[in-house]
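Data first, discussion second: the structure below is written as structure tokens.
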Amino acid sequence: MKKYLFTFSILLVLFGCSNNPPEESANHSENQSPNNQSELEEDIQTMMEDHDYLAENIIDYEIKDDFVYVFSYIRQTGLSVAVLKTNAGSLEWIMEEKSIETVSLGDPDVNSPVLTVVQSDNPNVKNVKVEGNNAKLIKQTVELADDYNKEVAFWIHFSEMNEDFKDLKNLPSEDVEYID
């Protein structure tokens, strides 16, 4: 009996462990099945290609409410983000921002969340706060040539759309703190 209990305990521990922390495993969508996520990724690639982005340059995407934020990196222009809106099972192009360093963007006409993207050339920066809140770090290694890779790191933070942002006042990108 002890042997069965021990074996069961070991199996329980093994299946209960995960290599991904909870934040990473919920990176793209918490409630999507693998098939739906695969379809969404195909739709994102198609939409990006329709707007002259290569699928191989997409480094990440984030879903917030009904919006998909697609990040891409191109050696010549650097980091870019496209904002897409899910609408009855399809995607609608809302806007794009190229050559990002630090920016807040959102569309008051569609009441999108405000995305703040922060990049830093300082390798000592370990964390970033936007409006006093920790931003999420996204790191990807991008192949720029056959024998040359670059680590692209940036932080993102979502805020609610408000009247100040509609008037381009008190933008979250104006309240950024770099933490060494």
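Express the Stokes-Einstein translational diffusion coefficient of the stretch 30-179 in µm² s⁻¹, to the nearest whole number, given a Kirkwood radius over alpha-carbon pairs, 10 °C and a viscosity of 1.306 mPa s. All intermediate terms of the calculation are to be shown ahead of the outcome.
On the way: Rh = 16.2 Å.
Translational diffusion coefficient: 98 µm²/s.
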Completion exercise
For residue 150, the aspartates and glutamates lying under 18 Å Cα to Cα, once residues fewer than eight places off in the same chain are dropped, come out as 56, 60, 101, 121
Practice task
Please check which bits of the stretch 81-116 a label hung off residue 136 would reach, taking the label as a point 7 Å along Cα-to-C-beta and the cut-off as backbone N under 18 Å.
Solution key: 81-86, 103-107, 112-116
Handout entry: Greater than 26 Å apart at Cα, pairs in 136/169; 139/169; 85/126; 126/169; 98/169
Key = 139/169; 85/126; 126/169
Handout entry: Point-to-point label distance, residue 160-residue 54, nm (Cα→Cβ direction, 7 Å offset)
Key = 4.2 nm
Handout entry: Gained length - residue 74 relative to residue 149, 0.36 nm times residue gap less alpha-carbon distance
Key = 25.8 nm
Exercise for the section: Order by neighbour count: 112, 159, fewest other Cβ atoms within 10 Å first, most last. Expected result: 159, 112
Handout entry: Relative contact order (%) - the stretch 119-180, alpha-carbon pairs under 8 angstrom, separation at least six
Key = 44 percent
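How long is the gain from residue 41 to residue 125 if the chain were fully straight, where each residue apart is worth 0.36 nm and the alpha carbon distance is subtracted?
Gain on extension, residue 41 to residue 125, equals 27.1 nm.
Throughout, read-outs are computed from the coordinates displayed, never taken from laboratory work. Worth saying up front: this structure is predicted, and the values here are computed from it rather than measured. Methodologically, a virtual Cβ is constructed for each residue, glycine included, from the backbone with ideal geometry; neighbour enumeration extends over all protein chains shown.
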